[in-house]
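Structure first, commentary second.
The values are calculated or read from the model by the stated rules, or taken from the named source; none is laboratory data. Here the structure is a predicted model, which is why all the values come from computation and not from measurement. Here the Cβ is made from the backbone with ideal geometry for all residues, glycine too, and neighbour counts use every protein chain on show. What goes into the accessible areas is simple: the full protein's heavy atoms, side chains included, and nothing from ligands, DNA or RNA. Shrake-Rupley method; radii C 1.70, N 1.55, O 1.52, S 1.80 Å.
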Amino acid sequence: MTGPRVRAYGIVSLDRSGPQAATDVQAIREAAGFARVDLRAVSVTRSANLSVLLASFAASGIGMVIVPSVLHLTGWLDVVRRDCEVWTLSPPGYWPRVHASGQPGEFIASSGLC
């Protein structure tokens, strides 16, 4: 990979993971390692507590958010896409950043994080 690595952040929602949270965190770490992105951290939190974290991504240079599955996207997808791509491990793929025109792109299926 040439150029700087993408800064990424993982989010695991306790609302969705429950006792599987540790497994979801590990899956995010493995996928980020395989994709060779700069995984800054993985937060395990309730969706209601994400607003301050999501607001900090632009200033901290985060360009990618990784979640275990589409089930972990509870109302914040469109907000974070202003600054980041949002990747899911299940199904594998991502939602691109919102275009400069303001038009959000559709989900793009992928064979995995790349």
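Considering only VAL52, VAL65, VAL44, the mean-square fluctuation computed in a Gaussian network model of the chain, springs between alpha carbons under 10 angstrom, is largest for VAL52. For the stretch 11-25, 3J(HN,Hα) computed residue by residue from phi via the Karplus equation (6.51, -1.76, 1.60; θ = phi - 60°) reads 10, 10, 8, 5, 4, 10, 7, x, x, 8, 4, 5, 5, 5, 4 Hz, glycine and proline entered as x.
The helix-based estimate of mean residue ellipticity at 222 nm for the chain, built from -39,500 (n - 2.57) per DSSP H run of four or more residues and divided by its residue count, is -8000 deg cm²/dmol to the nearest 500. Taking amide H as placed 1.01 Å from N in the peptide plane, VAL44 has its amide H under 5 Å from the amide H of VAL12, each at least 5 places away in sequence or on another chain. Taking the convex hull of the alpha carbon positions in the chain and averaging its projected area over all directions gives 6.9 nm².
Of the residues VAL86, VAL67, VAL98, the one that moves most in a GNM of the chain with alpha-carbon contacts below 10 Å is VAL98. Entry note, the stretch 27-114: relative contact order of 24 percent, from Cα contacts under 8 Å with a spacing of 6+ residues. Put a plus charge on the Cβ of each Lys and Arg, a minus charge on the Cβ of each Asp and Glu, and nothing anywhere else: the dipole of the chain about its Cα centre is then about 220 debye. Largest accessible area first, the listed residues THR23, THR45 line up as THR23, THR45 when surface is computed with a 1.4 Å probe on the assembled protein chains. Per the Debye formula with a single identical scatterer at each Cα and no solvent contribution, what log10 I(q)/I(0) holds for the stretch 13-65 at q = 0.13, 0.17, 0.25 Å⁻¹? At q = 0.13, 0.17, 0.25 Å⁻¹ the computed log10 ratios are -0.35, -0.60, -1.09.
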